[in-house]
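Read the structure below first, then the notes.
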Amino acid sequence: MRKNYTYPAVKGMRDVFPPEASLYQRLESRARKLLACYGCGEIRTPLLEHARLFERGVGQGTDIVNKEMFFVPSKDQAEDGRKENARQMVLRPEATASVVRAYIEHEMDKISPGVLRYYYIGPMFRYERPQRGRLRQFTQIGVEVLGSALPMTDAEVIIMLEDFLSSLGLQRLTFLLNAVGCPRCRPGYIRKLQVYIGGRQSQLCGDCHLRLDKNPLRVFDCKQPLCRELMARAPVVQDDLCADCAAHHAAVLNLLDRAGIKYQRDARLMRGLDYYTRTVFEVTSSDLGAQNAVAAGGRYDNLVAELGGPPTPAIGWSLGMERILEILPREPDKSGKPFDIYVVSPGGDAIRTFFKVMALRRQGLRIGLEHEPRSVKAMMKRADRLGARWALWAASENPEKVEIKNMATGEQISLGWDDLPRVVGK
RNA sequence: GUGGGCGUAGCUCAGUUGGUUAGAGCGCUAGGUUGUGGUCCUGGAGGCCGCGGGUUCGAGUCCCGUCGUCCACCCCA
């Protein structure tokens with residue numbers, strides 16, 4: 001980076017240049033194609049939302065809401081400077097709440113009754129300390145299916161995710177699965193857990209003491225050896241699921257088994273967002289650093305009602321594109337050479353050549369033309385570096401004629417401008 | 001928010017116990033080849049050694065601060 005630059009990019013934000021940007025494009029187009037096969041249509045929601053949407057939707061006790069929100073004050077609020085006023089809008093930290101908001105706001109349940117399937121692709125923002133696999137602006141691809149409480153929907157959504165990830169040829173992924181219960185069975189379990197932990201509080205680390213009253217389920221996430229040891233013998237949700245949740249979970253597992261999906265049941269898995277119910281899952285990669293979650297999701301049967309909509313069961317997932325790109329096998333660029341023709345000499349009449357090139361571009365040929373050409377030797381070198389299929393000289397003597405050289409074979413032929421599409425076109 | 005590592009050319013990095021004009025490879029550029037690339041050879045351009053302060057006759061090198069970046073914690077995609 002240029003030193004002492006006055007206008008550097010904001011911390012945690014990244015610029016993506018041409019060769020790398022095509023990786024995003026490929027990932028996106030594959031996702032669009034595959035998700036369309038599962039009946040998902042794209043939904044685009046704003047990047048800016050009211051903070052209260054996430055405070056209510058994601059949950060007051062979550063880190064996303066407590067410390068990771070990117071607040072955007074309006075002009076008045078910024079000048080006013082009072083904290084409460086400045087905290088009204090945020091850049092979205094995730095998209096599920098936005099999708100649900102849009103669903104409710106536009107009364108999609110009435111307009112289009114039945115099960116609705118959406119996918120989204122776009123940037124999310126979280127105000128965290130950047131590190132490997134963690135940007136302040138990152139890109140998620142996600143799916144939300146609204147209107148079905150059936151285990152088959154859980155299975156379908158999970159299969160969709162597995163299908164996408166394995167189609168990318170990703171290795172060393174672990175699929176973790178858990179059931180976290182519902183408002184009917186979870187309170188009882190949490191009390192049981194608190195009783196268990198409460199009796200052994202002295203063995204817990206400092207962080208876990210805080211977790212105990214804020215959200216005791218989180219103690220399962222602790223990486224301290226002592227806490228882990230303690231939690232290994234703690235009561236697990238599965239034993240306290242209500243009859244409905246237990247039946248649901250069993251049905252989902254059965255379907256996944258029959259689909260041949262390989263997963264690990266993990267009683268410790270507790271998504272860090274308040275809205276999850278019943279099925280939750282996470283995909284991790286051992287090829288990443290500490291930030292090893294590649295994708296995650298789960299059922300959120302109460303969120304729609306919670307945000308003021310009609311009771312509507314739902315389930316979804318999202319994955320981090322940057323993290324996927326980091327572990328994607330480096331396959332050679334199959335997008336082809338970026339230029340069909342590279343003009344190494346414009347001939348006697350550069351302006352005439354300029355318009356000839358324009359005409360060919362309109363016919364779909366990809367042509368490189370320097371407006372400030374250097375020596376032919378230098379231009380040949382550049383044509384080679386840029387991966388042009390043909391080098392072209394405009395003839396000086398005859399303005400209708402050109403000479404082209406096949407960069408791979410070295411073969412060189414003379415022909416008219418009008419013959420180029422036929423000879424060069426693929 | 002907490003802890004640690006690192007900031008020297010566009011990129012990857014050397015830089016002796018502090019000592020005079022700060023180096024290499026790659027890349028860029030010109031030429032060897034008087035319009036012809038990939039190999040090879042020769043030349044050239046390109047550095048407030050992140051920034052500020054301090055110690056010293058003298059600092060890229062030592063000390064303090066600061067900013068940036070990376071990694072880890074927390075948490076998550």
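The values are calculated or read from the model by the stated rules, or taken from the named source; none is laboratory data. Remember, it's a predicted structure, so these values are computed and weren't measured experimentally. Here Cβ is always computed from backbone atoms with ideal geometry, including for glycine, and neighbour counts include all displayed protein chains. We work out accessible area using only protein heavy atoms, side chains counted, and drop any ligands, DNA or RNA first. Shrake-Rupley method; radii C 1.70, N 1.55, O 1.52, S 1.80 Å.
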Problem - Solvent-accessible heavy-atom area per residue, rounded to whole Å², over region A:341-424 at 1.4 Å - result: 58 Å²
Handout entry: For A:D244, net neighbour charge (Lys/Arg +1, Asp/Glu -1) across residues whose Cβ lies under 14 Å away
Key = +1
Exercise for the section: Count the net charge of all other residues whose Cβ sits under 9 Å from the Cβ of A:L35, scoring Lys and Arg as +1 and Asp and Glu as -1. Expected result: +2
Handout entry: Residues listed by number, region A:139-175, amide nitrogen under 18 Å from A:E326 label point at 7 Å toward C-beta
Key = A:139-141, A:170-175
Problem - Cut-off 9 Å between beta-carbons: net charge of the residues surrounding A:S414, Lys and Arg +1, Asp and Glu -1 - result: 0
Problem - Bridge type composition, region A:341-424 - antiparallel percent by DSSP, nearest 5 - result: 60 percent
Handout entry: Label-point separation, A:C37 to A:A51 (7 Å along Cα→Cβ), nm
Key = 4.4 nm
Handout entry: Two-site label geometry, A:R362 and A:Y127: point separation in nm, points 7 Å out along Cα→Cβ
Key = 5.2 nm
Completion exercise
Full extension between A:N398 and A:Q60 adds, at 0.36 nm per residue less the Cα distance, a length in nm of 114.1 nm
Practice task
Using only Cα atoms, find the angle between the long axis of helix A:350-362 and the longest principal axis of chain A, and express it within 0 to 90 degrees, rounded to the nearest 10.
Solution key: 50 degrees
Fill in the blank from the handout: Expected unfolding gain across A:Q171-A:Q412 under the 0.36 nm per residue rule, minus the alpha-carbon gap, is 82.2 nm
Practice task
Using +1 at the Cβ of each Lys and Arg and -1 at the Cβ of each Asp and Glu in chain A, identify which of A:L168, A:Y38, A:A149 lies farthest towards the dipole's positive end.
Solution key: A:L168
Exercise for the section: Kindly point out, ordered by number, any Cys in chain A whose beta-carbon has no other cysteine beta-carbon under 4.7 Å away. Expected result: A:C37, A:C40, A:C182, A:C205, A:C208, A:C245
Exercise for the section: Report, in debye and to the nearest 20, how large the dipole of region A:373-420 comes out about its Cα centre when Lys and Arg carry +1 and Asp and Glu carry -1 on their Cβ. Expected result: 480 debye
Practice task
First compute the accessible area of chain A with a 1.4 Å probe, then give the percent of it belonging to carbon and sulfur atoms.
Solution key: 51 percent
Completion exercise
The rounded separation in angstrom of the Cα centers of region A:1-41 and region A:188-206 is 44 Å
Fill in the blank from the handout: In nm, the gap between the two label points placed 7 Å beyond Cα toward Cβ at A:R233 and A:A290 is 3.0 nm
Practice task
Let me have the 222 nm mean residue ellipticity of chain A computed from DSSP H runs of 4+ only, each contributing -39500 (n - 2.57), with the sum over all residues rounded to the nearest 500.
Solution key: -11000 deg cm²/dmol
Practice task
May I ask you to evaluate 6.51 cos²θ - 1.76 cosθ + 1.60, the Karplus curve with θ = phi - 60°, for each residue of region A:111-118 and list the ³J(HN,Hα) values in order in whole Hz, giving x for glycine and proline?
Solution key: 5, 9, x, x, 7, 10, 10, 10
Completion exercise
Dipole check, chain A, charges on Cβ (K,R +1; D,E -1), about Cα centroid: among A:V115, A:M407, A:A251 the Cα furthest to the positive pole belongs to A:M407
